[in-house]
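Read the structure below first, then the notes.
The values are calculated or read from the model by the stated rules, or taken from the named source; none is laboratory data. Just so it is clear, the model here is predicted, and its values are computed rather than measured. Methodologically, a virtual Cβ is constructed for each residue, glycine included, from the backbone with ideal geometry; neighbour enumeration extends over all protein chains shown.
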Amino acid sequence: MPSFTSNSKSGFLLITVTAALFCFLVYSLLVNAKVIKPAHGQSDRQKNIIKAERYLYSPKYFPAVIVGSSLSARMEDEFFPGWLYNLSFHGGSPYTGMEFIKKKPKLPRLLLVEINIIEGEVDRSLLNIFSPPLLPAWRQFLPVLRDQYKPSGVLTDAVIGLRAKTVKEKRAQGRDEKIFSENLNLFYRLNMQEPEYEKIANRISQLEEYCGHFSAQGVKIIFFEMPVDIKIRQARRPAWVREKIIEKFGAENLLQPSSDRSYITTDSLHLVYKSAEEFAAVISAYAGAQGIPPGAGDK
């Protein structure tokens with residue numbers, strides 16, 4: 001009797017493992033054949049992981065890359081030409097994006113660095129996901145192992161896609177004026193406080209180190225400000241940061257929002273869909289004017 005039970009368990013285990021391997025193989029083939037559409041992620045964390053995966057594991061070369069915070073992350077991938085990649089992370093800083101760029105064998109020719117939120121830290125927990133020597137190598141050659149192809153995420157995206165807003169609806173979407181007003185008052189008070197001079201100075205020195213590293217390898221560095229509400233832009237902290245960036249890197253290397261264009265934010269900091277799309281067009285045109293040829297990302 002014990003022998004029969006043992007054999008039954010072994011047989012069941014073998015069938016289970018075989019079935020799992022078969023399902024994995026079929027799913028992997030569907031992913032490689034591009035039948036399975038990659039997920040975009042639901043939480044900010046998932047979106048950040050997937051954004052890093054797409055950059056690190058893409059066979060394409062991106063001659064222009066944006067690094068920044070959640071402000072820049074509002075600019076969707078579809079807003080940009082194929083040769084420009086937005087490596088800005090939700091809740092992050094430009095330093096995290098620059099650390100990921102270091103991991104690529106070929107550096108971009110143009111690096112666009114957001115300066116709105118430069119006090120942030122490198123997101124080590126995100127970087128560590130791509131640090132173990134074995135797993136990233138497997139993900140490189142087996143896309144099915146990446147977060148963007150997790151069945152749960154793919155299924156969730158498919159369900160949400162059935163009721164997702166169209167581009168036309170997104171462009172027409174406004175903002176909640178009550179939420180906007182409350183956040184404007186809050187962020188204005190915060191930005192009118194005396195800046196953390198030492199911390200910001202340290203971050204600018206850190207930026208200088210990154211720029212030195214990339215510039216020495218032929219990368220052109222351009223800084224830019226994401227459009228925010230005019231009250232925030234003219235507040236004490238942003239004005240001081242802008243002054244120091246210009247002092248250190250030169251006004252000619254800072255792209256600032258045009259004063260004759262009106263951008264709308266949801267909370268005084270983050271752009272609504274239409275405004276994010278409009279500023280992405282400004283960045284793309286600027287990058288193109290720096291000698292980045294259209295179609296370069298397809299080579």
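When the stretch 53-107 is examined, which residues are found to be in contact with a Leu (Cβ under 9 Å, 6 or more places away or on another chain), assigned to a helix (DSSP H, G or I) and among the hydrophobic types (A, V, I, L, M, F, W, C)?
Those that are in contact with a Leu (Cβ under 9 Å, 6 or more places away or on another chain), assigned to a helix (DSSP H, G or I) and among the hydrophobic types (A, V, I, L, M, F, W, C): Leu71, Met98, Phe100, Ile101.
Ser28 fails exactly one of the following numbered conditions: (1) in contact with a Leu (Cβ under 9 Å, 6 or more places away or on another chain); (2) at pLDDT below 85; (3) part of a loop (DSSP other than H, G, I, E, B). What is the number of that condition?
Result: Ser28 fails condition (3) only.
If the Cβ limit is 7 Å and pairs must be 6+ apart or interchain, which residue in the stretch 220-233 that is within 14 Å of Ser262 (Cβ to Cβ) pairs with which residue that is in a strand (DSSP E or B)?
Correct list of pairs: Pro227/Leu271; Val228/Thr265; Asp229/Thr265.
Which of the residues belonging to the stretch 219-233 are farther than 13 Å from Ile115 by Cβ and either at pLDDT below 95 or among the hydrophobic types (A, V, I, L, M, F, W, C) (or both)?
Listed by number, the residues that qualify are Val219, Ile230, Ile232.
Here is a yes/no grid of residues against (1) at pLDDT below 70; (2) under 26 Å from Leu271 (Cβ atoms); (3) surrounded by fewer than 11 Cβ atoms within 10 Å (Cβ to Cβ); (4) of a type outside the set (S, T, N, Q):
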residue	(1), (2), (3), (4)
Ile15	no, no, yes, yes
Gly68	no, yes, no, yes
Glu78	no, yes, yes, yes
Ser88	no, yes, no, no
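Give just the number: which of (1) under 18 Å from Gly68 (Cβ atoms); (2) in contact (Cβ under 8 Å) with a residue 40 or more places away in the chain does Gln256 not satisfy?
Of everything listed in (1) under 18 Å from Gly68 (Cβ atoms); (2) in contact (Cβ under 8 Å) with a residue 40 or more places away in the chain, Gln256 misses just condition (2).
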